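Structure, as structure tokens:
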Amino acid sequence: MSKKDKPVFESDALPERQPGVPVLQIADLNVRFPSEDGVVHAVRGVNLTVNAGEVVGLVGESGSGKSVTSMSVMGLLDENAHVEGSIKLHGTELLGRSDDWMSEVRGKKVAMVFQDPLSALTPVYTIGDQIVEALQIHGKYSDAEAWDRALELLRMVGIPNPEVRAKNFPHEFSGGMRQRVVIAMAIANDPDLIIADEPTTALDVTIQAQILDLLRVAQRETHAGVVMITHDLGVVAGLADRVAVMYAGRIVERADVNDVFYHSRHPYTVGLLGSLPRPDLDKDEPLTPVEGNPPSLLNLPPGCPFAPRCPMASEECLAAEPDLLETDLAGHTSACIKFASLSDKKYEEIYPHEEIPAAAEQGTREDAEVILHVDGLVKTYPLMKGSVFKRRVGTVHAVDHISFDIRAGETLGLVGESGCGKTTTIMSILELAKPEEGRVVVLGKDTAELSKSDRKLVRQDLQVVFQDPMASLDPRLPIYDIIAEPLKYNGYPKARIASRVEELMALVGLEPAHANRYPRNFSGGQKQRVGIARALALEPRLLVLDEPVSALDVSIQAGVLNLLERLRVEMGLSYLFVAHDLSVVRHIAHRVAVMYLGRIVELGPVGEVFDHPEHPYSQSLLSAIPVPDPVKERARNRILLQGDLPSPANPPSGCPFHTRCPKFQTLDEADRARCTGETPLLASAGGQVDRQVACHFPEGVSVF
Amino acid sequence: MTEPNFSAAGATNRPEGSTSTAPATGPQLDPDLDPAEAEAPASGKRLSRNRLIWRRFWRSTGGKIGVIGLALVLLLAIVGPSLARWDYWVVDDNAFLSPPSADHWFGTNQGGFDIFAMTVEGLRKSMVIGFMVAAIVEILAALIGASAAYFGKRVGAILQWITDLLLVIPSFLIIAIISQHTAGSRNSTWMLIILLSAFSWMISARVIRAMTLSLVSLDYVTAAKFMSVPSFVVIVKHVIPNVASYLIIDFTLGVVSAILGETTLSFFGFGVQKPETSLGTLLGDGMGSATTSPWVFLFPAGVLVILLLCVNFMGDALRDAIDPSSKSGGAA
């Protein structure tokens, strides 16, 4: 807002709760940013109302304007942003206020929980001091009172031993614990509105379940309105009362949570739900991706912004942008002129199917060729102390006697929380060096016995696709050079490189004519396709996929998953698929290995492990995944784990899981002694050969 | 309720938002996420990175002053000799220590040498030294710094050790002593370039090493390793181009410090030796008569200040233009 038209406000009093007035009213909010290429219209006419005690889920893919909307409420947008419209807190206008005034509102009336708990806390002050600071800025607390209140808050958010922990620094807390502290600070002054911007995206799934639980408690305690910003429809299904779906800077659909999930009235919502792999259902058919990419918010063409990707689009859709209007359902608005023809259709009826050829029927698993055999793999890191004279004070068992094998045409999903050793496992395999202990056999060749030139040959059969498509492609090289690189240095005939690159680009669904573009000209999904093309250049037998879709939006992710599935069938590939998103693993993997503290605790066919997990850790892990189905999600019984992952430098004795194990609590003394004394080994369970579990007292439980 | 509620049953049919059109032109960028993420290919013309940087650069006043100023100084260095009425080695017996006049634009010194001709010659020499040294320094720094980080362990430790050792050696004294021995030879300028380069790459190399350390852990470097790409190729193709923006900035600032180093040395008589001349030598000569006949000192000093200021302005503007988080993005 420019200085000239600065509004005059009647009073400087902070907004107070008034009966009958919603906590937050956003009306016709428009936000524009300058950029090198012109003005970006990031938020285009958003209307939103939040009542006290209500959780509103704001859902959308990256770039849809959800975070910008929340930042405008907080008054935290960059100075050069141009904001229009109205944002009212308890009926008092917030836009155009001075920063000093907004500082009073922030923290006292409106609180925010950010995505990254690490950067939300100052590393040089103790947790207690930071909460005390938040309290004393806004309220009249004496030092002692503030400290007592800080301890009370820490206790409330479930930090054990708050008297001791309050004197610790942020780096001494785990990610989940930090997010608890951030929530404690957010509710410290009893705010009327809490904005949670992807509060669990940076966290592991079991921690996510704890934090979502805590947010529910915080919301009840403060009776605040909550705006929950997320891209995860599962989180919304479990937490939100109402949902607003954003696309290209506008709300395209908003309704009660059940209506959005079961009676969508906008094709984008239908597409989002359809492209989401489900953790609770067997995969029977390919996902239905929403083709194309979200439009740029710069120079948006007239008409419905979703029309270019919409399977139902017709001439009328391109005429003018549809307004958000009432539909046939009460309280359900949609920005689609054809909502009537959508009535309760399944996504399969709207979105075209992608046909993936079925894999040739093969014999039993035992007959297939073993592509990768890992036997008792160990990887340790020394723990050093001292600055001048380094001495070894301990050993981190990052990977502790892991064994599995992958057969031809098979996908093994490796799942577990961060720090459980997934990445170390695949890096040890990819290095093709002699492991510290155990054996890694790739296509019948033991890596311990490889010469340098052998290793180069084996490398051609073993390629990798990384998690972050931004980081895995050199930004300075055109796509052609990126894909040609493995060909160039592995003795591929020079004359045929150009045609091979073209072939590869076509294979992964990229336009070969774009070979001269740079990575930054491609969207995230396309970049990941480039990464896949590069990995396939040398026709490998085994592809290691390190979280290949976790950086992608849902509608894009589905397309990449379908591509991987098609390539596996067509080229007879095997995948080692590392992921923390268990829904994706259920969709793509045949077998799954669950890791905990460097060990595999359960291994078996994906359907059986997901439907009847036997290890208590698998059970809690699976029960923590949010299911994008509100009724099912709210009726589920979560097995919440206590505490955090123990340090791998000092793992608990016996079964490494016994410190957090819910099953352990129910055992008698003698059985407990067995858990704490004897490390369970991976053994066949339920009489099945290919189903193994490392637990003394396995018991199948259904968690969905 | 004053506003149609989000949820109220039977809320009014209030159209949502006006579909105002943004006065936008050109291709697309979205600030909400990474620029690259937002772009869909095949629509709009795309600015190349170089054009983008140039635009951001030109937006800053400092950048404009720097470029224009440097161009003028460069022009002076190139066409100055043919412009001047006198050569710098010619003595005008009719004018000793004469103030600026139509004949001698910048006046003459005690020996009857034309100050304009000598300033132009000194400027040429100083610029050659400055740019050559900066270029050699960047090449050395890039190769040594990147190798130290990429090879890690033993090679890295040795390179790091050499770098640190050179940092603590009193380079000024060593250069002074060596250049004394080369005095009078025709190669004194070249010697000075080599000496100055040999003692100024270390800090840049350390920065490059730190930058490379973060690059080496990036996935595309790991990917190249897993694709059996030779180490040297990885360094030249993947590492150095990605620290190029730092190298460019460091180059411009390196020019400044090299010229300063050269002038300081020459000022004390250790650098460029007679009969060759440089701005530093001129300053040293003119210092004694700076108060009585200021033109002898002021003109070379003025040219030196303008040269250094312009290069510095350019460096600053370039840094802002390359840094995506700086404020040179214009206004809405």
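The values are calculated or read from the model by the stated rules, or taken from the named source; none is laboratory data. Being a predicted model, the structure only gives us computed values, none of them experimental. Cβ sites come from the backbone with ideal geometry, for glycine too, and all protein chains shown count toward neighbours. Calculation scope for accessible area: heavy atoms of the full protein, side chains included, ligands and nucleic acids excluded. Shrake-Rupley method; radii C 1.70, N 1.55, O 1.52, S 1.80 Å.
Below is a table of values for the structure above.
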read-out	value
Cα→Cβ-extended label distance, 7 Å offset, between B:Ala157 and A:Asn637, nm	5.8
Unit charges on C-beta of K, R, D, E only; dipole of chain A, Debye	1680
Kirkwood-based shape ratio for segment A:614-704, expressed as Rg/Rh from alpha carbons	1.00
Cα gyration tensor shape for the protein assembly as shown, rounded if a/c is under 1.5, else prolate or oblate	prolate
Quarter of the Cα convex hull surface for segment B:49-322, i.e. its orientation-mean projected area (nm²)	17.0
Surface per residue (accessible, 1.4 Å probe) for chain A, Å²	39
For segment A:213-226, Karplus couplings with θ = phi - 60° (6.51, -1.76, 1.60), whole Hz, Gly/Pro x	4, 5, 4, 4, 4, 4, 5, 5, 4, 9, 6, 8, x, 10
Loop-resident sites, segment A:154-193, for trypsin sites (Lys or Arg not before Pro), counting at most 11 other Cβ within 10 Å (DSSP)	none
Amide H within-cut-off set for A:His332, under 5 Å, with H built and near neighbours excluded	A:Thr327
Chains B and A, summed buried accessible surface - 1.4 Å probe, Å², nearest 100	6400
Cα centroid of segment B:59-128 to Cα centroid of segment B:221-285, whole Å	26
Segment B:192-297 shape via C-alpha gyration tensor axes, a/c threshold 1.5	prolate
Neighbourhood net charge (14 Å Cβ-Cβ; Lys/Arg +1, Asp/Glu -1) for A:Tyr141	-4
FRET E, pair B:Leu166, B:Val233, Förster distance 35 Å, beta-carbon r, rounded to 0.05	0.80
Percent carbon-and-sulfur accessible area, segment A:614-704, ignoring ligands, DNA and RNA, probe 1.4 Å	51
Shape of segment A:280-348, Cα gyration tensor, a/c cut at 1.5	oblate
Cα centroid of segment A:195-231 to Cα centroid of segment A:492-507, whole Å	48
Longest to shortest principal axis, alpha-carbon extents of segment A:39-131, angstrom	42, 32, 30
Förster-model FRET efficiency, 35 Å R0, A:Gln665 and A:Glu172, C-beta, rounded to 0.05	0.85
Electrostatic dipole magnitude of segment B:165-286 [Cβ: Lys, Arg +1; Asp, Glu -1; Cα centre; debye, to 20]	300
For segment A:362-508, average projected area of the Cα convex hull in nm²	13.1
For q = 0.27 Å⁻¹, Debye-computed log10 I/I(0) when each Cα of segment B:236-300 counts as one equal scatterer	-1.04
Filtered GluC sites (Glu not before Pro), segment A:52-86: DSSP coil and at most 13 other beta carbons within 10 Å	A:Glu79
B:Thr108 long-range amide H proximity, modeled H, under 5 Å	B:Leu97, B:Ser98, B:Ile115
Listed residues A:Thr380, A:Gly175, A:Asn637: farthest to the positive end of the dipole of chain A (Cβ charges)	A:Thr380
Qualifying GluC sites (Glu not before Pro) for segment A:595-704 [loop in DSSP, other Cβ within 10 Å: at most 16]	A:Glu678, A:Glu699
Net charge dipole size for segment B:49-322 [Lys, Arg +1 and Asp, Glu -1 on Cβ; Debye, nearest 20]	1340
Between segment A:310-331 and segment A:24-69, the alpha-carbon center distance in angstrom	20
Occluded residues from segment A:455-472, i.e. those whose accessible area drops by 40 Å² or more once the chain is not alone (1.4 Å probe)	A:Arg459, A:Phe466, A:Met470, A:Ala471
Volume per residue of the C-alpha convex hull in segment B:71-199, rounded to whole Å³	138
Carbon + sulfur, % of accessible area of segment A:78-122 - ligands and nucleic acids excluded, 1.4 Å	45
